[in-house]
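What follows is a single structure, written as structure tokens, with notes after it.
Each reported figure results from applying straightforward, stated rules to the coordinates on display, with no laboratory input. None of the values given here were measured: they were computed from a predicted structure. Here Cβ is always computed from backbone atoms with ideal geometry, including for glycine, and neighbour counts include all displayed protein chains.
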Amino acid sequence: MALRNSARPISPHLQVYKWGPHMLVSILHRVTGVGMSTVGATVLVWWLAAIAGGEGAYATFRHVFVEWAGGALGYVIGIGLTLTFFQHMASGIRHLVMDTGAGFELKRNKMAALATMIVSVTLTVLFWLYLGFK
Amino acid sequence: MGTGTSIGRVRGLGSAKEGAHGWLHHRMTAGSNFLLMTWFMISIARLPAYDFVTVRSWLSSGWVALPMVLLILSVFSHFRMGLQTVIEDYQHDESRIVMLVLRNVWAYGLGAIAIFSILKVAFTGAAV
């Protein structure tokens with residue numbers, strides 16, 4: 001945990017590699033995880049606390065996410081969090097498979113990385129279509 | 001693998017011998033998150049409306065309150081470990097300790113509010 005001497009050379013990192021789906025999905029897993037544990041946790045706990053707090057507290061929650069600016073914040077955060085969740089879920093399942101030692105062949109690894117993004121976008125669209133047409 | 005020199009043993013050098021436990025717990029909670037979040041997303045999507053009365057009576061049922069408490073426990077302990085990984089990767093000086101403590105305050109604090117809220121609704125019923 002010593003302070004890093006900035007004069008020392010550092011190992012090659014993101015800037016020297018050609019970006020591929022596996023790199024993108026790897027960093028997305030981290031970004032989506034941090035996003036859900038900060039923004040996602042805040043919204044979920046606010047919602048639960050508002051239900052427990054009573055009608056007034058719930059009205060405030062609804063005002064911020066449903067009524068304010070035509071529900072713009074609700075749509076941005078709602079769709080953002082569902083896409084974030086489905087991406088983290090899909091790449092998480094991919095990680096569990098890779099934990100067994102499977103799926104490291106170049107082509108299969110790339111296909112699985114692409115598949116997580118296709119799955120997350122598809123599930124997000126289906127989820128919101130279901131909500132919309134319900 | 002040897003046990004190192006005697007002075008190394010006294011200083012507690014080597015692995016913390018807790019890595020496998022944390023690694024496994026992260027995977028176990030990934031599995032329980034998958035089950036509980038699948039239930040949560042379907043249950044939320046199938047609610048007839050999202051007004052106060054509907055949502056409150058939904059959460060007051062034991063069939064919802066119990067899995068919700070389990071979901072909070074599983075998801076929050078999973079993201080607490082995930083944030084630890086991220087903090088340990090990017091914070092190299094004293095700020096690492098500060099961030100790790102703040103992460104505990106965040107995860108346990110929010111988790112406590114969430115569980116208290118669920119139980120309050122479950123124990124006081126649909127009416128306010």
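Helical content of chain B, expressed as a calculated mean residue ellipticity at 222 nm, amounts to -27000 deg cm²/dmol (DSSP H runs of 4 or more residues, -39,500 (n - 2.57) each, divided by residue number, nearest 500).
When you work out D = kT/(6 pi eta Rh) for the protein assembly as shown at 37 °C and 0.692 mPa s, using the Kirkwood radius from C-alpha pairs as Rh and the Stokes-Einstein form, the result is 156 µm²/s.
May I ask for the angle, rounded to the nearest 10°, between helix B:19-45 and the longest principal axis of chain B, with both axes built from Cα atoms and the value confined to 0 to 90°? Helix B:19-45 sits roughly 10 degrees off the main axis of chain B. Taking a sphere under 12 Å around the Cβ of A:H88 and counting the other residues whose Cβ falls inside, with K and R at +1 and D and E at -1, yields a net charge of +2. Considered as an equivalent ellipsoid built on the Cα gyration tensor, chain B has semi-axes of 41, 16, 13 Å, the largest given first. Sorting A:32-45, A:63-76 by average packing, meaning the other beta carbons within 10 Å per residue, from highest down gives A:32-45, A:63-76.
By the rule of a C-alpha distance below 21 Å, with chain neighbours fewer than 8 residues away ignored, the lysines paired with A:K110 are A:K18. Report summary: the helix-based calculation at 222 nm, which adds -39500 (n - 2.57) for every DSSP H run with n ≥ 4 and divides by the residues of chain A, gives -23500 deg cm²/dmol. Per residue, the average separation of C-alpha pairs within less than 8 Å and at least 6 apart gives the range A:4-134 a relative contact order of 30 percent. Charged neighbours of A:M111, selected by a Cβ distance under 13 Å, balance to +3 (K, R count +1; D, E count -1).
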